[in-house]
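Okay, so here's the structure we're looking at.
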Amino acid sequence: MIDSSCWIKYFRNNDQDIAQNVENLFQSDRVCLCGIIELEIIQGIRSKQQTSLIKYVFTALPYFDFQRIDFINSGNTIRELRLKGITVAPSDALIAELCIRNNFTLYTKDNDFNFFPKLKRYLD
């Protein structure tokens, strides 16, 4: 799973290392998508050209839906972290739980994901 923090840099073509890593993941058929990441990318589109490119890329990817357990586990994790004085975005907690449940590795540059020890992260 590629998080929006990496997709943004990939589509804006402003980080060659991330672009190469995304291309490598594509070539090894190791990329999938979920609704929250798609939403985060679509809401930031700036042009028709970007819309066409993103639609083309995302349509080709396997898509995974959230299940009720993802919401429950995310809520529990957010609550536990908040009790420790740590705030994470609910969307990031959901993405982390989806990846954990499906044994996916997440490629991200977002530090919120550091608070999910069971989450496997793609290291570049």
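The values are calculated or read from the model by the stated rules, or taken from the named source; none is laboratory data. Here the structure is a predicted model, which is why all the values come from computation and not from measurement. Note that we place each Cβ from the backbone using ideal geometry, even for glycine, and neighbour counts take in every protein chain shown.
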(request) Give the residues of the stretch 88-106 that are touching a Leu at 6+ places or on another chain (Cβ under 7 Å) and either over 22 Å from Val22 (Cα atoms) or of a type outside the set (A, V, I, L, M, F, W, C) (or both), sorted by residue number. (result) Val88
(request) Read through the list (1) within 12 Å of the chain's Cα centre (by Cα); (2) in a helix (DSSP H, G or I), then give the number of the only condition that Leu106 fails. (result) (2)
(request) Check off (1) exposed (fewer than 15 other Cβ atoms within 10 Å of the Cβ); (2) at pLDDT 95 or above; (3) assigned to a loop (DSSP other than H, G, I, E, B); (4) not hydroxyl-bearing (Ser, Thr, Tyr) for Leu39 and give me the number that stays unchecked. (result) (3)
(request) Identify the residue in the stretch 42-69 that is within 19 Å of Thr108 (Cα to Cα), assigned to a helix (DSSP H, G or I) and not aromatic (Phe, Trp, Tyr) and, among all such residues, is nearest to the chain's Cα centre (by Cα). (result) Ile42
(message) Just to be sure I understand the filter: pairs with C-beta atoms under 6 Å, separated by 6 or more residues or on different chains, first member in the stretch 77-101 and touching a residue at least 12 places away in the same chain (Cβ under 8 Å) and acidic (Asp, Glu), second member part of a helix (DSSP H, G or I) and surrounded by 13 or more Cβ atoms within 10 Å (Cβ to Cβ). Which pairs pass?
(response) Asp92/Asp112; Glu97/Asp70; Glu97/Asn73; Glu97/Ser74
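Can you tell me which residue in the stretch 77-102 is surrounded by the fewest Cβ atoms within 10 Å (Cβ to Cβ), limited to those that are of a type in the set (S, T, N, Q) and under 14 Å from the mean Cα position of the chain (by Cα)? Before the answer, list the steps.
The initial filter retains those residues of the stretch 77-102 that are of a type in the set (S, T, N, Q), namely 77, 87, 91, 102.
Narrowing further to those that are under 14 Å from the mean Cα position of the chain (by Cα): 91, 102.
Details: Ser91: 16, Asn102: 13.
That would be Asn102.
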(request) Just give me the residues in the stretch 10-24 being buried (at least 18 other Cβ atoms within 10 Å of the Cβ) and under 14 Å from Asp124 (Cβ atoms), in sequence order. (result) Tyr10, Ile18, Asn21, Val22
